[in-house]
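Novice: The structure's right below; bear with me while I get my questions together.
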Amino acid sequence: MAQEVTFFIDLLTLEACMQILPNVPCVADASGKRAVQRCDFLGHIPFSDTSEGLFRSYLSSAYMASVKQVRTWMEEAGMHCRIDAAGNLIGRYEALTPNAPALLIGSHLDSVKNAGKYDGTLGVILGIEAIARFHAQQKRFPFAIEIIGFGDEEGSRFPVSMLTSRAVAGSLDTLPNVQDTQGTSIQQALQERGLDPACYLEAAYKPSQVLAYFEAHIEQGPVLESTGHAVGLVTSIAAQYRFKVTMKGMAGHAGTLPMHLRQDALAAAAEAICCIEKIAQSGPNDLVATVGQMSVKPGAPNIVPGWVEFSIDVRAGTEDVRNTAAETLTHALQEISQKRGVEMQLTLQHDLSATQCNPQLSNILAASIHTVTGQTAYPLVSGAGHDAMIMAALAPVCMLFIRCEKGISHNPAEAVQDQDVETALRVMCDFIQNIPSEKAI
């Protein structure tokens, strides 16, 4: 792994911004309440790129300030910290024996635009709270524990997601040559922060250095709330397809082109979208399909649309269900296009296989959930992607979900209860204390 690289932060700006912040979290001892307070604290400038709504993008000034603050909390909890070659923040709590393999506990510090305060960040902070409890008890383990704050999971700055966990997992062949909306390349952004793009892949761990990977994350869905569970056991992370669909018809005058002679690309797309919804509704409960983006041209009220482009996001707990749905909707869209006299092009943009959580680790986590809550662990398939699905290429993984209010996420209304987060923290601590040695996994 690369040696620590020093970030260059505008300290004067940071100190000035700190004057307008609410007080630093005041709960003294490690707890779920303190974890929530710390996430709330990171929800404002200078830890956000914008003053209206939280937005923390990879390698931005807000990201740098967040790394500095979270690093302080890690060090207070008893960890030695470093920044890896990809800009991830890593805190290590040493084992009974130096240089022992590590249990990695991680999630992401970046956010989407107009984000909630707990997506990703809560998982990192909970890891710190767990270490703080163990450190206060002077408790060490046969394995080290490393808390990782990943820099880029959302892909909200550069058009690529989970870039930094790919670097850590060793599944990144080369640093992509991409730019943000301001024309800054990822290579330039790294250099601005004192990081060498040529060393990016040095963030990779060797499998022998890692015992397992654990991630705690808000559910981002309403199931736990509806079933009365504070936490849930993630059994797998859904397989994903993302398509770009282009439909080309013929633009024409809205007043003079008869209905039966039209090649209306938007009407074809509208029928296609309704069809996509029906296909998903008729499948298993874990199948979902979403059209979240659309562009229409010429885009005038008095012109029949001649060109439409839209996205399709298909997810399911297994590749078989996802693939079957994709084949069904592809055939249906072809039929709609032929019937309406429009050309259709469907391009696969994103392909992620389903990730199964490690059965042995999941059994240990399920037992910890029962020990803490008295309830049988509630199993869930994660429809959202997480760094854990990337880290599975490096080590066995498991995940814990935390109930969030109304299932709302990627939204300022995202909310959690202190007691639920405390339950998650207690489950984590019990889980860590029951993890077997490296040879047993």
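Novice: What number goes with the only condition from (1) touching a Phe, Trp or Tyr at 6+ places or on another chain (Cβ under 7 Å); (2) outside any strand (DSSP E or B); (3) not assigned by TED's automatic domain parsing to the domain that holds ALA102 that VAL245 does not pass?
Specialist: Checking VAL245 against (1) touching a Phe, Trp or Tyr at 6+ places or on another chain (Cβ under 7 Å); (2) outside any strand (DSSP E or B); (3) not assigned by TED's automatic domain parsing to the domain that holds ALA102, the one that fails is (2).
Novice: A further question on this structure: Could you please give the count of residues in segment 328-353 that are surrounded by fewer than 16 Cβ atoms within 10 Å (Cβ to Cβ), charged (D, E, K, R) and within 18 Å of ARG262 (Cα to Cα)?
Specialist: Counting residues in segment 328-353 that are surrounded by fewer than 16 Cβ atoms within 10 Å (Cβ to Cβ), charged (D, E, K, R) and within 18 Å of ARG262 (Cα to Cα) gives 3.
Novice: Out of the strands (runs of 3 or more DSSP E) lying entirely within segment 49-114, which hold 3 or more residues that are more than 19 Å from the chain's Cα centre (by Cα)?
Specialist: It comes to 80-83, 89-93.
Novice: Assuming GLY127 fulfils every condition listed in (1) surrounded by fewer than 24 Cβ atoms within 10 Å (Cβ to Cβ); (2) in contact with a Gly (Cβ under 9 Å, 6 or more places away or on another chain); (3) not β-branched (Val, Ile, Thr) apart from one, which condition is it?
Specialist: Condition (1) is where GLY127 drops out.
Novice: Quick one: in segment 132-164, which of the residues that are aliphatic (A, V, I, L, M) and in a helix (DSSP H, G or I) is surrounded by the fewest Cβ atoms within 10 Å (Cβ to Cβ)?
Specialist: ALA136
Novice: Something else: Suppose we filter segment 165-180 for residues that are among the polar types (S, T, N, Q) and assigned to a loop (DSSP other than H, G, I, E, B); how many remain?
Specialist: 3
Novice: Does MET428 satisfy being within 18 Å of the chain's Cα centre (by Cα), in the same structural domain as LYS117 (by TED's automatic domain parsing), closer than 24 Å to GLY221 by Cβ and surrounded by 21 or more Cβ atoms within 10 Å (Cβ to Cβ)?
Specialist: So MET428 fails the test.
Novice: Say whether the condition of being farther than 30 Å from PRO98 by Cα, touching a Pro at 6+ places or on another chain (Cβ under 6 Å) and touching a residue at least 12 places away in the same chain (Cβ under 8 Å) is met by at least one residue in segment 136-143.
Specialist: No, segment 136-143 contains no residue that is farther than 30 Å from PRO98 by Cα, touching a Pro at 6+ places or on another chain (Cβ under 6 Å) and touching a residue at least 12 places away in the same chain (Cβ under 8 Å).
Novice: May I ask you to say which residue of ALA254, ALA268 is touching a residue at least 40 places away in the same chain (Cβ under 8 Å) and buried (at least 18 other Cβ atoms within 10 Å of the Cβ)?
Specialist: Of the residues listed, the single one that is touching a residue at least 40 places away in the same chain (Cβ under 8 Å) and buried (at least 18 other Cβ atoms within 10 Å of the Cβ) is ALA268.
Novice: Oh, and also: PRO159 passes all but one of (1) of a type outside the set (A, V, I, L, M); (2) closer than 21 Å to ASP119 by Cβ; (3) at pLDDT 95 or above; which number fails?
Specialist: The number of the failed condition is (3).
Novice: Next up: Just to be sure I understand the filter: pairs with C-beta atoms under 7 Å, separated by 6 or more residues or on different chains, first member in segment 174-194 and free of Cβ contacts under 8 Å to residues at least 12 places away in the same chain and within 13 Å of TYR58 (Cα to Cα), second member of a type outside the set (A, V, I, L, M, F, W, C) and assigned to a loop (DSSP other than H, G, I, E, B). Which pairs pass?
Specialist: Short answer, once both residue conditions are applied: SER185/ASN177.
Novice: Does ALA316 count as in contact with an Asp or Glu (Cβ under 8 Å, 6 or more places away or on another chain) and closer than 12 Å to GLN240 by Cβ?
Specialist: Yes, satisfied.
Every residue, every condition in (1) modelled with pLDDT of 95 or more; (2) small (Gly, Ala, Ser), yes or no:
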residue: LEU195; (1), (2): yes, no
residue: TYR213; (1), (2): yes, no
residue: GLY221; (1), (2): no, yes
residue: GLY228; (1), (2): yes, yes
residue: GLN240; (1), (2): no, no
residue: VAL245; (1), (2): yes, no
residue: ARG262; (1), (2): yes, no
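Novice: Quick one: would you say ALA189 is among the hydrophobic types (A, V, I, L, M, F, W, C), in the same structural domain as THR373 (by TED's automatic domain parsing) and in a helix (DSSP H, G or I)?
Specialist: Yes: the conditions hold for ALA189.
The values are calculated or read from the model by the stated rules, or taken from the named source; none is laboratory data. All of these numbers come straight from a predicted model, not from anything done at the bench. Quick reminder, even Gly has a Cβ in these numbers, built from the backbone with ideal geometry, and neighbours come from all protein chains shown.
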